[in-house]
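See below for the structure under consideration.
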Amino acid sequence: MPPTENRPRAKPHLPLFILPFCLAGCSGSQSALSPAGEEASSIYLLLIVTTCGAAVIWCLVTALLVYAGRSRRHVYSAGAGQKLILWGGAILPTSILCLLLGYALWLMPATRPWLTNNETSGFRIEATGEQYWWRFAYRDAENGISFDTANELRLPVGERIRFALRASDVIHSFWIPSLGGKMDMIPGRTNFFSLEATRPGIYRAPCAEFCGTSHALMAFTVVVMEKEPFREWMERQTNLLRPRETEGARLFARHGCAACHTIRGTQARGRIGPDLTDIGARQTIAAGTLANTAENIARFIRAPHAVKPGVKMPAFPMIPQAELTALAAYLKGLQ
Amino acid sequence: MSIFPREIESLWTLFTAPVVWAFHFLACYVGMALYCARRPAGLDHDMLRLGLGAVTAIALAAIVVSAWLAWRQWGFGTDDPPHDDATRKDRRLFQGFATLLLSGLSFIAVIFTALPLLFIEGCFP
Amino acid sequence: MTDRDRHDRTDENRREEEAQLRRVWSNPPGLGYWTSVNNTQIGLWYGSAAFAFMLFAGVLALLVRVQLAVPDNDFLSADLFNQAFTLHGTVMMFLFAVPIFEAVAVFLLPPMLGARELPFPRLSAFGFWSFLLGGIFVCGSIFFNAAPNGGWFMYPPLSTDPDYSGIGADIWLLGLSFIEVASIAAAVELIVGIMKCRAPGMRINMMPLFAWYLLIVAGMILFAFPPLIAGDILFEMQRMFDWPFFDVTRGGDPLLWQHLFWIFGHPEVYIIFLPAIALMAMIVPTFAQRPIVGYSWIVLAAVGTGFLSFGLWVHHMFTTGLPQISLAFFSAASEAVAIPTGVQIFVFIATMLAGRVIFSVPMLFGTGGLAIFIIGGLTGVMVALVPIDWQAHDTYFIVAHLHYVLIGGMLFPIIAGVYYYYPLIGSRKLSDRFGKIAFWLMFAGFNLAFFPMHITGLRGMPRRVFTYPEGIGWDWLNLLSTVGAFVFAAGVAVVVIDVVRPKHRQSKGEQNPWRAGTLEWISEPEENWGVRSIPIIDSRYPLWDQPGLVDDIRSGRFYLPHAREGRRETLVTSVLDAKPIQCLRVGGTSRLTIVSALSLGGVFVALTFHWWITGVLFGAVTLAAILAWLWTGTNDIPEKPEKDVGLGLTLPLYISGPQSVGWWGMFITMVGDGTAFGSLVFGYFFYWTIHEDFTAGISGPGVAWPMASLAMFVAGWLTMLLARWVNEKDWTVGTRALLIAASVLTAGGGIAAFAGPWSFAMDPQAHVYPAIVWVLVLWLMAHAAVGLIMLFYCLARSLAGRLSAAYDMDLRNVVLYWHFLTVTAVTTLCVIGLFPLAR
């Protein structure tokens, strides 16, 4: 168990004048200001402390600046000025910065503790950034867990989950603002880090490194669940069976979708595009771009570039409307 | 301290202390980065931390020497700034005072740079 | 001043001198005007061009803001948006922020230092034309939908992907490399000018603070820009020839670019910020009506910032997964750099407290800018703490932070400087009323635009998104930002109107309308000669403390009041105490500077489009132009050894070696060159650290050839030392023979260096190891080739009778080059030849 496990959760008492900041943070599901994770909470506290300090310092210095700039009867001596520079400009900032630096340095390993055996064993999620979507692989060799999904991450509450982050094409950055800070996904490297969610809910996570034309349209959903439902969900994913010979499945195969996409439990085993096994159950489609409706699925298949410029998926203008509707309905039905 | 001649006529002395900081910074960063990337056998993290601690002590000592020389050049503080007379003496006093201030800043910066060695143990990301 | 001198200064005498000076320093008429090389002139062009680029980039920013005003907007296409923000950042940084300080510096420094001219006016002209051409090239690309679109930081592998970025990335790389050349040219000019061309008596404790800052900044350029040039070389080699420096499948690594880019990129922020603060250091004392309090503290701050700014670059890489301990070192240095910055602010406050402040428009912009900048500084302290950066990195919080720093710390002081120094251009002030309106529009608009971004960022809005969905909590914040951006732009427009509106009906004001104390206010806007005569200075604020100074200067009662030989002349003084040591003749009007800059630009443009033959032709023209420039414009052998410069002082007209400006120019250039080389060597070892076996089993260049090459380079160096010694003995034949021997050795060394990787058939496209070896070898060979050209040049000078024991500047500068070449050769050959054995 990581050393942070027993640390009390940060529950900052907020001074009144930073209330606007708090209000600002209370609306979004994608906000560093409404933390729902260990890391996000401790960073939030640091943020509050430094913001308050900065506000006080700014007010003092600006007041001094205004006072110095106004016409005054009293003119200070150069010696007094030298003292002001020494104390106000050098010694005071040095002491404050030293304390602050100590706080932050102490916080670093406490926030992102090192978990041993990262690569080899235990439960972990391997996330890979692709232009412009997310590949997630749940792995646990000991317990026989191994399944892939895409663009929606499910996490248990109150458990530190390890991530192995990679990129297949260009640099992306993995960031769930409500749970913690970001970590880049860099081709050729694997970055390890971990997150612990403290509050169940649905959060949004954008790609945080500019990755090409549709960088803005690359996000994923994080569903933080209680431990038991999460365990059940994992079990369902591991032992998934799907009827093979439905109309939708045939269309999926006939139009070549299976060349790129996987639907577990069927013949579709393409690895180029996102896994669509439970696409019907996801909050959004096209990596956080559209609401998950059958119409939107059809629209995306017809002309993905119109929704998401620069996307690798080809357009399918040739599919007859009726078949497209059936295909979309099939996909929406994959729960 | 007769090994340091009293009459050093150069602009470069001004930069002594920051250069010491730069070397100390490089030693810490490069040392740790190399260690973490290559994990050489026979060198563990604590040994490296101790070594860099020693480097820090040497750097601080060098800056103190530089500060002392600057203090001397500044006439041990017998004259107050601004040192703006058109004389060689004031020019030297100015150099001494500025060097002394820079030594102070470099001293603090070296301590700042060494702080991570106290707080962070290991190479983890 | 002797009685005889006083007696001589009859009116007629004075008029004659002025006519001489005017003739010598005049700009050519008609189109020839553009061949001027006078620094004051260049400064104006430079500044105007930089401002024009700023307005262009500002318009791009407005387009970006319109697109982001409402969610799911389709005002700009995704690709055009990406081009717009990339170009906005690039242009603001490379075509406005850095050049504007070079402009202000070459415009102000000659009169401020009491010099008639800086030592290398033609180099400034060359730099300006390079900058203008490169700038137009880069900016113009967006009208052809071919602008770079990978962000101003150009991270590979996105930007190395030809399918994604098309030709835009090449335009960025080559256009900006060209501009980096201009910056390094400016750094050479500024360092040598400030160290060697101050008025007699202006000891270093008397230097105007502006000069102190600029000296430090120019030094920083020497160490900050070359790593980017090295990075550009690697990047362009990958794009043009598929050498896999950043391709992970062949051993490359995208992080190397990030290191090289930010080793440049962070000092760059201070390279931008310090000169703007330098303007404040000139403005505040004038309006506080007293000398600055804490002159030494400013020097501390400038030097301290200059150094510490090189220990910050990884704070742009806090989320790349480097070990936390590495991040922590950079976090610590990033906190430490706040200390000198705080000192500067308190120096201004202390000066204002100790004086009686007149609150004019420049002060309004200055203090308003400080108030904004302090917020940027404080958020900077926040994001320098690693955990906060993990959240804030690459969000709008950073956008807010960097604009608070750059607009508060750079743009506002620059505008303050425009209002303050405008009378130096046309003897007329800008309007106070316009100034106040502009300030309040800019101040309010700026805060309205950028303050909400702190919150948008923390609410999770990443940078560089062309659109966003509604309902995440960014909608009204973004709308506010857009409204604020337009208010801010209106303020900028008021400034522009104030500057360009016709002022001929306004009467000309006094020469020194703000009653400033520093020397730049002796400059006469109608005259081109910098200062009428070069004064003796004995105060930091000579116009306050030296009564009658202006009159004495204007009446030509000091040094060099005439130009009897019809040459442009200025004084060279010693570094610490500014004792006169030489009367320097500087280059005059010439077409060669334009021709060499334009043809060099042609080389870069041709490379962008892969027109190889055109590129080679332009390269030949560039070389010819530069050689002609050197031949006619440098190492000028005077008609007499000494000259009476006035006030009974006689100075030599010719000096070589470390006392001379030419030697310093070479030294400084080579320091920059050495830094670029060092960055390439860093690349070599970077690949070694990230791979278990960085050679990937590919055989290296062996030991024999590199060592043979090494021996020849060292022998060549010894031969050069001998040649210098023989030349001192004035044995012409011996010198020529040794020069020939050295060229044979150098050519041999270059060929042997090439033979190493060649004979082992190292294929640079196969893996990064052969590629980095080849880059080092090519770098060395290119330097050897330049050395050969220098040797032939010396030989030609000798044959033309222009190289002798007395006039040996060419040879001494070439020997200086040889020291650096030898270090390059020894390092390269040991690294590629011996290191693979030792590891």
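The values are calculated or read from the model by the stated rules, or taken from the named source; none is laboratory data. Note that this is a predicted model, so its numbers are computed, not measured. Note that we place each Cβ from the backbone using ideal geometry, even for glycine, and neighbour counts take in every protein chain shown.
Among (1) at pLDDT 95 or above; (2) at positive phi, which single condition is C:Val217 missing?
Of (1) at pLDDT 95 or above; (2) at positive phi, only one is false for C:Val217: (2).
Taking C:Lys729 as meeting all but one of (1) at pLDDT below 95; (2) closer than 20 Å to C:Ala825 by Cα, write down the number of the exception.
(2)
For the list (1) at the interface with another protein chain (Cβ under 7 Å from one of its Cβ atoms); (2) without any contact (Cβ under 8 Å) to a residue 60 or more places away in the chain, I need the number of the one condition that A:Leu46 fails.
The failed condition is (2).
When you look at C:Tyr270, is it within 13 Å of another protein chain (Cβ to nearest Cβ) and aromatic (Phe, Trp, Tyr), yes or no?
Judged against the criteria, C:Tyr270 is not a match.
Please work out which residue is nearest to the chain's Cα centre (by Cα), limiting yourself to region C:62-85 and to residues that are small (Gly, Ala, Ser) and crowded, with 19+ Cβ neighbours inside 10 Å.
For region C:62-85, the residue satisfying everything is C:Ala84.
Output the number of residues of region A:211-233 satisfying the condition of being of a type in the set (Ser, Thr, Tyr) and either part of a loop (DSSP other than H, G, I, E, B) or surrounded by fewer than 12 Cβ atoms within 10 Å (Cβ to Cβ) (or both).
Total meeting the criteria: 2.
Do you know which residues across region C:353-392 are touching a Phe, Trp or Tyr at 6+ places or on another chain (Cβ under 6 Å), of a type outside the set (A, V, I, L, M) and facing chain A (nearest Cβ under 7 Å)?
none
If I go through region C:603-623 residue by residue, how many of them are in a helix (DSSP H, G or I) and at positive phi?
Summing the residues that are in a helix (DSSP H, G or I) and at positive phi in region C:603-623 gives 0.
If you go through region C:428-442 one residue at a time, do you hit one that is surrounded by fewer than 19 Cβ atoms within 10 Å (Cβ to Cβ), aromatic (Phe, Trp, Tyr) and modelled with pLDDT of 95 or more?
Yes: one or more hits.
When you go through C:Met93, C:Met112 one by one, which is the residue that is part of a helix (DSSP H, G or I), surrounded by fewer than 24 Cβ atoms within 10 Å (Cβ to Cβ) and in contact (Cβ under 8 Å) with a residue 24 or more places away in the chain?
C:Met93
Can you list the helices (runs of 4 or more DSSP H) found entirely within region A:234-333 that contain at least 1 residues being within 27 Å of the chain's Cα centre (by Cα) and closer than 30 Å to C:Asn73 by Cα?
Correct list: A:294-302, A:304-307, A:321-332.
In region C:414-443, how many are away from every other protein chain (no Cβ under 14 Å), touching a Gly at 6+ places or on another chain (Cβ under 7 Å) and not aliphatic (A, V, I, L, M)?
5
Restricting attention to region C:650-664, does a residue exist that is assigned by TED's automatic domain parsing to the domain that holds C:Leu791 and under 30 Å from C:Pro836 (Cβ atoms)?
no
Does C:Phe450 satisfy being more than 12 Å from every other protein chain (Cβ to nearest Cβ), in a helix (DSSP H, G or I) and closer than 17 Å to C:Met363 by Cβ?
No, not satisfied.
Give the residues of region A:22-36 that are within 11 Å of chain C (Cβ to nearest Cβ) and either at pLDDT 95 or above or crowded, with 19+ Cβ neighbours inside 10 Å (or both), sorted by residue number.
Passing the criteria: A:Ala24, A:Gly25, A:Gly28, A:Ser29, A:Gln30, A:Ser31, A:Ala32, A:Leu33, A:Ser34, A:Pro35.
Out of the helices (runs of 4 or more DSSP H) lying entirely within region C:326-402, which hold 3 or more residues that are closer than 30 Å to B:Pro125 by Cβ and among the β-branched types (Val, Ile, Thr)?
Per the criteria, C:361-383.
Restricting region A:150-176 to residues that are touching a Pro at 6+ places or on another chain (Cβ under 8 Å) and assigned to a loop (DSSP other than H, G, I, E, B), which is farthest from the other protein chains (Cβ to nearest Cβ)?
Checked region A:150-176; the qualifying residue farthest from the other protein chains (Cβ to nearest Cβ) is A:Asn151.
Yes/no per residue for (1) at the interface with another protein chain (Cβ under 8 Å from one of its Cβ atoms); (2) in a helix (DSSP H, G or I):
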{"residue": "B:Cys36", "(1), (2)": "yes, yes"}
{"residue": "B:Met47", "(1), (2)": "no, yes"}
{"residue": "B:Phe76", "(1), (2)": "no, yes"}
{"residue": "B:Asp79", "(1), (2)": "no, no"}
{"residue": "B:His83", "(1), (2)": "yes, no"}
{"residue": "B:Ala86", "(1), (2)": "yes, no"}
{"residue": "B:Phe97", "(1), (2)": "yes, yes"}
{"residue": "B:Gly122", "(1), (2)": "yes, no"}
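Inside region C:298-351, can you point out the residues that are within 7 Å of another protein chain (Cβ to nearest Cβ), farther than 24 Å from C:Leu215 by Cβ and in contact (Cβ under 8 Å) with a residue 60 or more places away in the chain?
Those that are within 7 Å of another protein chain (Cβ to nearest Cβ), farther than 24 Å from C:Leu215 by Cβ and in contact (Cβ under 8 Å) with a residue 60 or more places away in the chain: C:Thr319, C:Thr320, C:Gln324.
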